[in-house]
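S.K.: Here it is: the structure, laid out below.
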Amino acid sequence: MSFTTFSDEARIALDNMADFAWSLGSPSLRLGVTGLSRAGKTVFITALIHNLTHGGRLPMFEPWRAGRLLGADIRPQLHPDVPTFDYRGHVRKLTDARVWPDSTRQISELRLTIAYESATFLGRSLGRGKLDLDIVDYPGEWLLDLPLLSKDYRAFSSETLERGREPRRTAIAADWLAHTSGVDPLGPADDEAAGRLHELFAAYLGAARGGSLALSMVPPGRFLMPGDLAGSPALTFAPLDLPESGEAPRDSLWALMESRFEAYKDVVVRPFFRTHFARLDRQVVLVDVLAALNGGREALVDLEMALGEILGCFRPGRSSWLGQVLTRRIDRILFAATKADHLHHASHDRLELILRRLTDRAIARASFSGAEVDVKALAAVRATREATVRRNGESLPCILGVPQEGELLDDHLYDGKEEIALFPGDLPDNPQALFRPPEAGEPGFDALRFLRFRPPPLEVTAEGVSLSLPHIRLDRALDFLIGDRLA
Amino acid sequence: MTRRPTAFDLTADEVSHVRPGEAPPADAAVIVEEAVEADDLPAPLPPVRRRFSWSRLLFGAVAGILSLAIGLWLDQLVRELFSRDDWLGWLAVGLIALAVIAVVAIAAREIAGLIWLRRIDRMRRRADLAAVRDDRPEAEAVVDELIKLYADRPDLAPGRRATQARVDDIIDGRDRLVLAEADLLAPLDAAARRLVSDAAARVSVVTAVSPRAAIDVIFVVVATLGLIRRLAALYGGRPGFVGLARLTRLVLTHLAVTGSIAVGDGLAQQLIGHGLAAKLSARLGEGVINGLLTARVGVAAIDVCRPLPFLERRRPQISEIMAGIRAPRAK
């Protein structure tokens, strides 16, 4: 494996053995919630905890259906040096203020202990009827760094510059590219020049990620969400227009940048990968397909590339009990198209097909190595209801909800208060149509428009008990991800 | 033709918003009809017990020995010149040992089945007595035993918890039994009624359409035995072959004893119904009668297998079971 060194592997194996020894008494399951920023990781984790702790409606989750689920509790987490996932704050925001949580700025962790009644005789008499579920939440931008582990500075530079010169990016990349071409990589190492380059580069990355472009392939991720490392040398570098061949001369700008790039990998990326991703049991990959569809074909292709590179860093495979001691492997992966509530359920199958097409390389790799793979369209928190609109004799499958403030459709700006019925357009039967240039007469991306809706008001029963958050297929996702461990 | 993304303002004049259950107005230009939220809760499944099967081990081991013999024979045939090896013998000894273990295990299971039958019988009599005398300690003992009997059943976990939660409450003897019956046995009773209905339906249909009398006889016997066995499994027993034979005898005895009571149990109407069916077709009439018989055997089997007598809950009536045949079942 090219992106981890031998010493990394050794440390991972040691950690695994220690974990194994600890977990002999209390089994734990590490669930990796992966997804780029705004894919809905925080909401997914919050909804998962809320439904499990509040006895939410999870009919397709077998332990719930059989009445074997006794309850769940938040317990002290695995690493004491990582902040705890702010579950209560997120729930309050969702239910009281009815806004989605802000984008995650730092890593946080959580352990959920699920109490259940085992369905097997051995499980009842020997097991302790509890499962510890460890979940990590982190800024999605950081995921973009994982593919960097297998690249050197030269490859990083040339790829980044090449991407910046793509026609769609020229508008936002012009300043940075012009400045970069004026800098001589063989010139003397100058902290100020490096800082100026970094500033322009980071501005370009921010513009590519935000705005109407909604591009995904914008590494390094810490430049977008620096956390507490902002301003440190390891985060102050930029790609350079390097000569075709040769080594970096001593004390040149090139050498400075290269050493900082390597430091970034060693200090920032590798520890993050080692502590949180190298040892997962289950993985759910959340993908916001609808935002990419709003962004157009380039955004979709870009998303496909980013997902392909990121998912290449994980280790799927069938896990054996012996292998479990040394190397943990991800034996079940769920690819989930989030925000499925922004679409009528009749289109969910097509949404799943698009996601399948987006991640087909990763799916093939995981299936080949023996992991179980599933693709689902889900909504961790369901913000809309469904309706059929009849107009002039045609009927449109619609969703009802309150669009977020600032959402725009046909020059109408929503204020976050009015409720509308939205017909977002028809997804194509064949997902392939979205990835190639459109043929004449075919509807393009402007035939699709997905608005973002506010979280739903929480229903309260006659006795004043608030119900759990509504969802779409969260129960199926849970059943696939952890159901077998609660058998 | 492509359909453009469109938003409909629910407060606009030409839009009328229809909630579930309301009738859409005739004159509105745009009607937003809200969908009814479907409750996708599936019907609770009867427990599927996947246990390690000793009989399979027996057959496996015997088959292993047979194949060893064949192997040996082949070995002799093919390589007559070689002297026979020791380890094959040891392997055979090992397999025979496995077979012996399996035989012992099956015998143990038979014995366990018989013990269960006696235990159920004793529990029911104790419960009956405790209910009549309103004897609190005795009732508590019976409830404890009931919980122990169903300790292995994950599907009854909620009922068990509810029963255990009341351990410290002050409840009279009979009431405690009634509560335990409602918590623990109610779901089983519902499943049992469905089992009997299904069996009766199958028997009726097969009798009505089968071309030969011999076939119905065999089918009725097989279906009835299967029904008794399934009911016993449902109420927590695991009768083996001997246990099943004994259970069947008990059921038939019970049927004979209670046969006279059944007249009040809607049997008269059922028989008249049979007369009508027979007027339409002789085979149809036979089908109805066979179905009735199966249902009665099923009810008797429920009586025999149930660890408590019917206290507050009603014993399933033949008419209800026959009605259950016609009612659509949730799959």
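The values are calculated or read from the model by the stated rules, or taken from the named source; none is laboratory data. Since the structure is predicted, the reported quantities are computational estimates derived from the model, not experimental observations. For neighbour counting, all protein chains shown are included, and Cβ atoms are generated from backbone atoms with ideal geometry for every residue, glycine included.
S.K.: List pairs: first in the range A:118-131 and within 10 Å of another protein chain (Cβ to nearest Cβ), second surrounded by 14 or more Cβ atoms within 10 Å (Cβ to Cβ) and at pLDDT below 75, Cβ under 7 Å, 6+ apart or cross-chain?
M.R.: A:Ser118/A:Arg124; A:Ser118/A:Gly127
S.K.: Starting from residues that are within 9 Å of chain A (Cβ to nearest Cβ) and among the hydroxyl-bearing types (Ser, Thr, Tyr), keep the ones in the range B:5-19 and report whichever is farthest from A:Leu409 (Cα to Cα).
M.R.: Applying the filter and picking the extreme gives B:Thr11.
Here's the yes/no breakdown for (1) more than 22 Å from the chain's Cα centre (by Cα); (2) within 30 Å of A:Ala10 (Cα to Cα); (3) of a type outside the set (Lys, Arg); (4) not in a loop (DSSP other than H, G, I, E, B):
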site: A:Leu200; (1), (2), (3), (4): yes, no, yes, yes
site: A:Gly206; (1), (2), (3), (4): no, no, yes, yes
site: A:Gly231; (1), (2), (3), (4): yes, no, yes, no
site: A:Ser245; (1), (2), (3), (4): yes, no, yes, no
site: A:Glu262; (1), (2), (3), (4): yes, yes, yes, yes
site: A:Asp266; (1), (2), (3), (4): yes, yes, yes, yes
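S.K.: Please determine whether any residue of the range A:62-78 is buried (at least 19 other Cβ atoms within 10 Å of the Cβ), in a loop (DSSP other than H, G, I, E, B) and within 14 Å of chain B (Cβ to nearest Cβ).
M.R.: Within the range A:62-78 (the criterion being buried (at least 19 other Cβ atoms within 10 Å of the Cβ), in a loop (DSSP other than H, G, I, E, B) and within 14 Å of chain B (Cβ to nearest Cβ)), the answer is yes, since at least one residue qualifies.
S.K.: Could you list, in sequence order, all residues of the range A:403-418 that are within 11 Å of chain B (Cβ to nearest Cβ) and surrounded by 17 or more Cβ atoms within 10 Å (Cβ to Cβ)?
M.R.: Selection gives A:Pro403, A:Glu407, A:Leu409, A:Tyr414.
S.K.: Being modelled with pLDDT of 65 or more, more than 14 Å from chain A (Cβ to nearest Cβ) and over 42 Å from the mean Cα position of the chain (by Cα) narrows it down to one of B:Gly71, B:Gly113, B:Gly64, B:Gly60, so name that one.
M.R.: From the options B:Gly71, B:Gly113, B:Gly64, B:Gly60, the qualifying one is B:Gly71.
S.K.: B:Gly236 passes all but one of (1) at pLDDT below 85; (2) on the phi < 0 side of the Ramachandran plot; which number fails?
M.R.: Here B:Gly236 meets the rest and fails (2).
S.K.: Taking the range A:380-396, which residues are within 14 Å of chain B (Cβ to nearest Cβ) and within 18 Å of A:Glu352 (Cα to Cα)?
M.R.: A:Arg382
S.K.: Scanning the range A:247-305 for residues that are more than 30 Å from A:Leu353 (Cβ to Cβ) and of a type in the set (Val, Ile, Thr), which turns out surrounded by the fewest Cβ atoms within 10 Å (Cβ to Cβ)?
M.R.: Among residues in the range A:247-305 that are more than 30 Å from A:Leu353 (Cβ to Cβ) and of a type in the set (Val, Ile, Thr), the one surrounded by the fewest Cβ atoms within 10 Å (Cβ to Cβ) is A:Val267.
S.K.: Hey, could you check the range B:130-144 for residues that are free of Cβ contacts under 8 Å to residues at least 40 places away in the same chain and surrounded by 15 or more Cβ atoms within 10 Å (Cβ to Cβ) and say which is nearest to the chain's Cα centre (by Cα)?
M.R.: B:Val143
S.K.: Would you confirm whether any residue within the range A:82-94 is part of a loop (DSSP other than H, G, I, E, B) and at pLDDT 90 or above?
M.R.: Yes: the range A:82-94 contains one or more residues that are part of a loop (DSSP other than H, G, I, E, B) and at pLDDT 90 or above.
S.K.: Considering only the range B:150-223, give the helices (runs of 4 or more DSSP H) lying wholly within it that have at least 2 residues that are within 14 Å of chain A (Cβ to nearest Cβ) and either surrounded by 15 or more Cβ atoms within 10 Å (Cβ to Cβ) or of a type in the set (Gly, Ala, Ser) (or both).
M.R.: Where helices (runs of 4 or more DSSP H) fall fully within the range B:150-223 and carry at least 2 residues being within 14 Å of chain A (Cβ to nearest Cβ) and either surrounded by 15 or more Cβ atoms within 10 Å (Cβ to Cβ) or of a type in the set (Gly, Ala, Ser) (or both), they are B:157-165, B:186-209.
S.K.: Moving on. Which is of a type in the set (Gly, Ala, Ser) and at pLDDT 85 or above, of A:Ser157, A:Ser125?
M.R.: Sole residue among the options that is of a type in the set (Gly, Ala, Ser) and at pLDDT 85 or above: A:Ser157.
S.K.: Could you tell me which of the residues A:Leu253, A:Leu197 is in contact with a Gly (Cβ under 7 Å, 6 or more places away or on another chain), over 26 Å from A:Arg38 (Cβ atoms) and not assigned by TED's automatic domain parsing to the domain that holds A:His79?
M.R.: That would be A:Leu253, the only listed residue that is in contact with a Gly (Cβ under 7 Å, 6 or more places away or on another chain), over 26 Å from A:Arg38 (Cβ atoms) and not assigned by TED's automatic domain parsing to the domain that holds A:His79.
Conditions tested, residue by residue: (1) at pLDDT below 75; (2) over 32 Å from the mean Cα position of the chain (by Cα); (3) at negative phi; (4) surrounded by 15 or more Cβ atoms within 10 Å (Cβ to Cβ).
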| site | (1), (2), (3), (4) |
| --- | --- |
| B:Thr2 | yes, yes, yes, no |
| B:Thr11 | no, yes, yes, no |
| B:Ile31 | no, yes, yes, yes |
| B:Leu45 | yes, no, yes, no |
| B:Leu81 | yes, yes, yes, no |
| B:Arg84 | yes, yes, yes, no |
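S.K.: For the condition of a type in the set (S, T, N, Q) and free of Cβ contacts under 8 Å to residues at least 40 places away in the same chain, what is the one hit in B:Ser210, B:Ser197?
M.R.: B:Ser210
S.K.: May I pose another question? Give all pairs with beta carbons closer than 6 Å in which a residue from the range A:431-455 that is more than 9 Å from every other protein chain (Cβ to nearest Cβ) meets a residue that is of a type in the set (D, E, K, R); count only pairs at least 6 apart in sequence or on separate chains.
M.R.: From the range A:431-455, the pairs are A:Pro431/A:Arg357; A:Arg452/A:Glu407; A:Arg454/A:Arg98; A:Pro455/A:Arg98.
S.K.: Against the conditions (1) more than 8 Å from every other protein chain (Cβ to nearest Cβ); (2) surrounded by fewer than 22 Cβ atoms within 10 Å (Cβ to Cβ), where does A:Ala366 fall short? Just the number, please.
M.R.: Condition (2) is where A:Ala366 drops out.
S.K.: Here is a follow-up. Would you check if there is a residue in the range A:214-228 being among the aliphatic types (A, V, I, L, M), out of contact with any Pro (no Cβ under 6 Å at 6 or more places or on another chain) and surrounded by fewer than 20 Cβ atoms within 10 Å (Cβ to Cβ)?
M.R.: no
S.K.: How about the range B:224-248: which of its residues are under 16 Å from B:Arg124 (Cβ atoms) and not in a helix (DSSP H, G or I)?
M.R.: Answer for the range B:224-248, where residues must be under 16 Å from B:Arg124 (Cβ atoms) and not in a helix (DSSP H, G or I): B:Tyr235, B:Gly236, B:Gly237.
So that you can scan it fast, the table gives a plain yes or no per residue for (1) modelled with pLDDT of 75 or more; (2) touching a helix residue (DSSP H, G or I) at 6+ places or on another chain (Cβ under 7 Å); (3) surrounded by fewer than 18 Cβ atoms within 10 Å (Cβ to Cβ):
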| site | (1), (2), (3) |
| --- | --- |
| B:Leu247 | yes, yes, no |
| B:Thr253 | yes, no, yes |
| B:Ala278 | no, yes, yes |
| B:Ile302 | yes, yes, no |
| B:Ile318 | yes, yes, no |
| B:Lys331 | no, no, yes |
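S.K.: Same structure again: Would you pick out the residues in the range A:104-157 that are in a loop (DSSP other than H, G, I, E, B) and hydrophobic (A, V, I, L, M, F, W, C)?
M.R.: A:Ile107, A:Ala119
S.K.: Any residue in the range A:11-23 that is modelled with pLDDT of 85 or more, outside any strand (DSSP E or B) and aromatic (Phe, Trp, Tyr)?
M.R.: Within the range A:11-23, none of the residues are modelled with pLDDT of 85 or more, outside any strand (DSSP E or B) and aromatic (Phe, Trp, Tyr).
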